[in-house]
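Colleague: One structure coming up, written as structure tokens, with questions to follow.
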Amino acid sequence: LPVQSAITQPRPGAAVPPGDLTVKGYAWSGGGREVVRVDVSLDGGHTWQAAELAGERAAPGRAWAWVLWELRAPAV
């Protein structure tokens, strides 16, 4: 399965002040495949930035069901 992702912060409809923005979420994949990268767009898909993956990493050849991610970037 392709990687799927959900945003947990900021909440939908939240007012985002100018300046740096922290976006957090989780991503998962199927078939026992590890999530190795999550790209996030803050401008409707025109540009993309790689988020940092958080937490423990699975041993080689094994994968967790999901991974947390975080991106800190200027709000647009």
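Read-outs: derived from the displayed coordinates by stated rules, not from any lab. Quantities reported herein were computed from a predicted structural model and do not represent experimental measurements. When we count neighbours, we look across all protein chains shown, and the Cβ atoms used for this are built from the backbone with ideal geometry, even at glycine.
Colleague: Using 7 Å Cα-to-Cβ label points, what is the A65/D20 separation (nm, one decimal)?
Modeller: Calculated label separation equals 3.3 nm.
Colleague: With log10 I(q)/I(0) by the Debye sum over Cα atoms at q = 0.16, 0.27 Å⁻¹ as the read-out, I listed (i) -0.66, -1.43; (ii) -0.55, -1.30; (iii) -0.61, -1.34; which label goes with the value calculated from this structure?
Modeller: Answer by label: (iii).
Colleague: Order the peptides 39-50, 24-35, 7-18 from the highest to the lowest mean number of other Cβ atoms within 10 Å of their residues. Each step should come with its number before you reach the end.
Modeller: On the way: 39-50: 11.4, 24-35: 15.0, 7-18: 8.8.
Going by the mean number of other Cβ atoms within 10 Å, highest first, we get 24-35, 39-50, 7-18.
Colleague: A further question follows. What full-extension length gain, to one decimal in nm, is calculated for A50 and E34 as 0.36 nm per residue of separation minus the Cα-Cα distance?
Modeller: Working: separation 16, 0.36 × 16 = 5.76 nm, distance 1.60 nm.
Value of the extension gain: 4.2 nm.
Colleague: Right, next: Measure off 7 Å from each Cα along the Cα-to-Cβ vector at Q9 and A73, then give the distance between these two points in nanometres to one decimal.
Modeller: Calculated label separation equals 1.8 nm.
Colleague: Could you tell me which residue out of Y26, P12, G45 lies farthest along the dipole of the chain toward its positive end? Charges go on the beta carbon: Lys and Arg +1, Asp and Glu -1, centred on the Cα centre.
Modeller: Working it through, the farthest residue towards the positive pole turns out to be Y26.
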